[in-house]
Amino acid sequence: MKEVLLDTSSMLFALEHGVDIVTSIRDEFPGFVITVPYAAVAEMRKIAKTHTKNAGNARVMLLLITERKLNIDGKGTYADEWILKNAFGKVVCTNDIKLKRKLNGLKIRVVSVAVSGRIR
């Protein structure tokens, strides 16, 4: 199964800049399944309960995950660890610089969300 793993940083970045990340990924990778780590969903729920600037974006992303029927997979405390363990043979969408470096070192294909909305 062709799959794109979606990290918390890219989801929040996309919403902060008015980018429909789900459509952007589906346009760039037609036929791929978009998977969000369970830990990233838990992180979004935690952020959604706060009074920070990202709280509203986290609530919107939780709705998108449900409405667009994105795949949720894995258990664990940290999304980054789950992504690193499960990324082989998949594409990872993240805007987290540290995670990008680790994935690049493992020869995993990494893409990011640009302000323009493009996946690069």
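Where a number appears in this text, it was derived from the coordinates with a stated rule and is not lab data. Note that this is a predicted model, so its numbers are computed, not measured. FYI the Cβ positions are ideal-geometry reconstructions off the backbone, even for glycines, and counts take in every protein chain you see.
ILE83 meets the stated requirement of being touching a Ser or Thr at 6+ places or on another chain (Cβ under 8 Å), within 19 Å of VAL33 (Cβ to Cβ) and surrounded by 17 or more Cβ atoms within 10 Å (Cβ to Cβ).
Among the residues of region 27-44, write down those that are more than 11 Å from MET61 (Cβ to Cβ), crowded, with 17+ Cβ neighbours inside 10 Å and touching a strand residue (DSSP E or B) at 6+ places or on another chain (Cβ under 8 Å). Scanning region 27-44 gives PHE29, ILE34, THR35, PRO37. Taking the listed residues ILE65, ILE72, ILE83, the one that is assigned to a strand (DSSP E or B) and touching a residue at least 24 places away in the same chain (Cβ under 8 Å) is ILE72, with no other qualifying. Would you say LEU70 is more than 12 Å from ASP7 (Cβ to Cβ), in contact with a Ser or Thr (Cβ under 8 Å, 6 or more places away or on another chain) and among the aliphatic types (A, V, I, L, M)? So LEU70 fits the description; yes.
Can you tell which of ARG26, ARG45 is within 21 Å of SER116 (Cβ to Cβ), in a helix (DSSP H, G or I), without any contact (Cβ under 8 Å) to a residue 24 or more places away in the chain and not acidic (Asp, Glu)? Spell out the reasoning first.
Details: ARG45 fails: within 21 Å of SER116 (Cβ to Cβ).
One residue alone meets the criteria, ARG26.
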